[in-house]
Structure formats: structure tokens, C-alpha cells
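The values are calculated or read from the model by the stated rules, or taken from the named source; none is laboratory data. Quick caveat, the model's predicted, so the values are computed rather than measured. Cβ: placed from backbone, ideal geometry, glycine included. Neighbour counts: every protein chain shown.
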Amino acid sequence: MDAIYSPISDWSFEDRPREKLMLKGKEALSNAELIAILIGSGSRNESAVDLSKRILLSAKNLNALGKMSILQFTKFKGVGEAKAITIMAALELGRRRRSEDALKLGKVTSSKIVFEMMQPIIGELSHEEFWVLFLNNSNNVISKSQLSKGGITGTIVDVRLVFKLALESGATGLILCHNHPSGNLMPSDADKQITKKLKVAGDSLDVKILDHLIITETKYYSFVDEGIF
């Protein structure tokens, strides 16, 4: 026997997600209510809000939700490809907005600031990327650049390209950043070797390697903070 539920159309006007957003603003809505607006409707036995709650419960959090594939979304009854794509597009827009906000170029005074700049960009990726922040004498970020993009276990960094970009931008200091999709914060031998290689090259060109951060979803490892430099 099908479960009895109350469709959103039967709810009071101010409790319906779309109307609630119009009346009270987007901040008043729960995550499930916001997702319910995206998917529009649930199934015959489940409202869009209840379906959204079930999806969120399965994903545990929004970060994990943002990594789900079309196939994973469509395993939920009531979610077809179109709805899955809508949710994924909205979550990606949110990620890109955070990335833009994070990388408002400014002054670097600590490793934590670098983490806050770069985590929205690489902290949640399923593959590894290597980025460089280019700084001037005042430790203000002039620019940033993705140097490589690899698989789950590593990337290859072109040392010549790093310093070509540094000299073109007039940078006097560089901060290296890459992510570990595995969540393991500890630097690998390859991480240490590329850091040393870049440091030696930078010393000869009077461009300092100021730090190297390994970034995961919630934490980071700083070579400087850990006394490796």
C-alpha cells in the first residue's frame, strides 16, 4: 500500500518553497527546500521536499552532493536526467561563485589565507591540480595560474613554465598549491622533490618560493608551517 503524503500544492501558501522564498527570502529556506525548487516535483508518493531530504541524507552534506554524477542522482525514484542536470548545474554555479569570491587578489599574511583562497577552487576536486600564486614585494597576489591537471595520484609540473610566468608578471615570490583528492595531507616524495627543484631554480632567478600548500576538502598542510622550508 502506497504511503500517504501531502503534496506541496496542498500545503499552506507560506510553507511552499517557491512562495516561502518570495515572502521570506532565500535565507529562510532549508537546503532541502532549495533543492526542491530545482527539481520542481517529486514522485507519486513523495513530495519534492521529501525527495530532496532523502537525497541530502544519502549524500551527507552539500560538498558530497556536489560530487555526485548523473547516474547517482537518477538512482533516486523521481529524479530523471533533466532534474539531475539541473541540480548539478546549480551546485557548480555555487562552487564557481565561491571560487570567484575566494580569489579576490589580496595580501597574503599566512598559510590560512592561502587555504581560504584556494580551497574553493581545488579542495573538492576528484583529480589533482597544481596551482601557483604570483606575489609582489608586498606579498600581494598579482595573479594565479593552474600549471597542471592530472589524475587522482599526481600531476607533472613544468619548472620552466612556472618561472616564465613569474618573470612575465614581475613576481618576486611564489606560493605553490596542489590538492590531494585522497584527503591525505602528508607530502609525498614527489611533492618534496618538485618543491626543492622549484626552490633551487627560484634562488638562481631571485624569485622566492614562499610556501607550498597541500589542500584537501577541510584541511591543509603548509611546508613553511611544518618547518620544511
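Observations on the structure shown:
- Every residue from segment 48-86 that is hydrophobic (A, V, I, L, M, F, W, C) and in contact (Cβ under 8 Å) with a residue 24 or more places away in the chain: ALA48, VAL49, LEU51, ILE55, LEU56, LEU62, LEU65, PHE76, VAL79
- Residue within segment 165-183 that is touching a residue at least 40 places away in the same chain (Cβ under 8 Å), more than 26 Å from LEU62 (Cα to Cα), of a type in the set (Val, Ile, Thr) and in a strand (DSSP E or B) present: yes
- Pairs with Cβ under 8 Å, 6+ apart, first in segment 18-37 and exposed (fewer than 13 other Cβ atoms within 10 Å of the Cβ), second hydrophobic (A, V, I, L, M, F, W, C): LYS26/LEU34; ALA28/LEU21
- Test for LYS77: is it part of a helix (DSSP H, G or I) and over 22 Å from LYS219 (Cβ atoms): no
- Positions within segment 70-97 being more than 16 Å from ARG44 (Cα to Cα) and of a type in the set (A, V, I, L, M, F, W, C), in sequence order: ILE70, LEU71, PHE73, ALA82, ALA84, ILE85, ILE87, MET88, ALA89, ALA90, LEU91, LEU93
- The one condition in (1) in contact with a His (Cβ under 9 Å, 6 or more places away or on another chain); (2) closer than 23 Å to ILE113 by Cα; (3) surrounded by 15 or more Cβ atoms within 10 Å (Cβ to Cβ); (4) of a type in the set (A, V, I, L, M) that MET186 fails to fulfil: (3)
- Reported count of residues in segment 30-45, each being touching a helix residue (DSSP H, G or I) at 6+ places or on another chain (Cβ under 8 Å) and at pLDDT 90 or above, is 9.
So that you can scan it fast, the table gives a plain yes or no per residue for (1) crowded, with 17+ Cβ neighbours inside 10 Å; (2) out of contact with any Leu (no Cβ under 7 Å at 6 or more places or on another chain); (3) modelled with pLDDT of 90 or more; (4) outside any strand (DSSP E or B):
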residue	(1), (2), (3), (4)
ILE113	no, yes, yes, yes
GLU124	yes, yes, no, yes
PHE130	yes, no, yes, no
PHE134	yes, no, yes, no
ILE152	no, yes, no, yes
ILE156	no, yes, no, yes
VAL162	yes, no, yes, yes
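- Selection status of ASN179, among the polar types (S, T, N, Q) and buried (at least 16 other Cβ atoms within 10 Å of the Cβ): yes
- Lone qualifier among ALA190, ALA171 - being within 18 Å of LEU210 (Cα to Cα) and small (Gly, Ala, Ser): ALA171
- Residue check for MET1: over 27 Å from ILE122 (Cα atoms) and at pLDDT below 85: yes
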